[in-house]
1. Please determine whether any residue of the range 13-25 is touching a residue at least 12 places away in the same chain (Cβ under 8 Å), assigned to a loop (DSSP other than H, G, I, E, B) and out of contact with any Leu (no Cβ under 8 Å at 6 or more places or on another chain).
2. Which condition does Ile42 not pass, out of (1) assigned to a helix (DSSP H, G or I); (2) in contact with a strand residue (DSSP E or B) (Cβ under 6 Å, 6 or more places away or on another chain), if it passes all the others?
3. For the range 26-70, how many residues are over 16 Å from Val3 (Cα atoms), free of Cβ contacts under 8 Å to residues at least 40 places away in the same chain and aliphatic (A, V, I, L, M)?
4. Would you be able to say whether some residue in the range 58-77 is of a type in the set (Ser, Thr, Tyr), loosely packed, with under 11 Cβ neighbours inside 10 Å and either part of a loop (DSSP other than H, G, I, E, B) or out of contact with any helix residue (DSSP H, G or I) (no Cβ under 9 Å at 6 or more places or on another chain) (or both)?
5. Among residues belonging to the range 30-56 that are within 13 Å of Gly8 (Cα to Cα) and aliphatic (A, V, I, L, M), point out the one that is surrounded by the most Cβ atoms within 10 Å (Cβ to Cβ).
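Just so you know, all these numbers are worked out from the coordinates, no wet-lab data involved. Keep in mind the model is a prediction, meaning the values are calculated, not measured. Glycine gets a Cβ as well: all are built from the backbone with ideal geometry, and neighbour counts include every protein chain shown.
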Amino acid sequence: MAVLVVRGPIFHSTGDENAFFGWVRKIGAVQRVNGRGRDLEIHLRPGKVSVDELRELRSAFYRYGMDTSDLEALGKDG
C-alpha cells in the first residue's frame, strides 16, 4: 500500500473539513486518509490509480488549494 503524505488544506469550518474528508474517502483508490498535524496521510490501495480516481484526487486538491504535483507520479506506469 502506498502512502501519499501532502500538506493539508486550511478548513474554514467543521462542515468544510467534513466535506473534504468525505469526498476523498469516497475515491476508490483511497483506503484511508488521516490528518497528522498540518499534513495528510493518504493511504492508497495496491495497484494503479485509475484515470477517474486520479481526476477526483486532483479535483479535491485543486478545490482546497493543495499542491497537485505529488499526484503526477500516480498517473504514470512503473
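1. No: zero hits.
2. Ile42 satisfies all of (1) assigned to a helix (DSSP H, G or I); (2) in contact with a strand residue (DSSP E or B) (Cβ under 6 Å, 6 or more places away or on another chain) except (1).
3. 1
4. There is at least one residue in the range 58-77 that is of a type in the set (Ser, Thr, Tyr), loosely packed, with under 11 Cβ neighbours inside 10 Å and either part of a loop (DSSP other than H, G, I, E, B) or out of contact with any helix residue (DSSP H, G or I) (no Cβ under 9 Å at 6 or more places or on another chain) (or both).
5. Ile42
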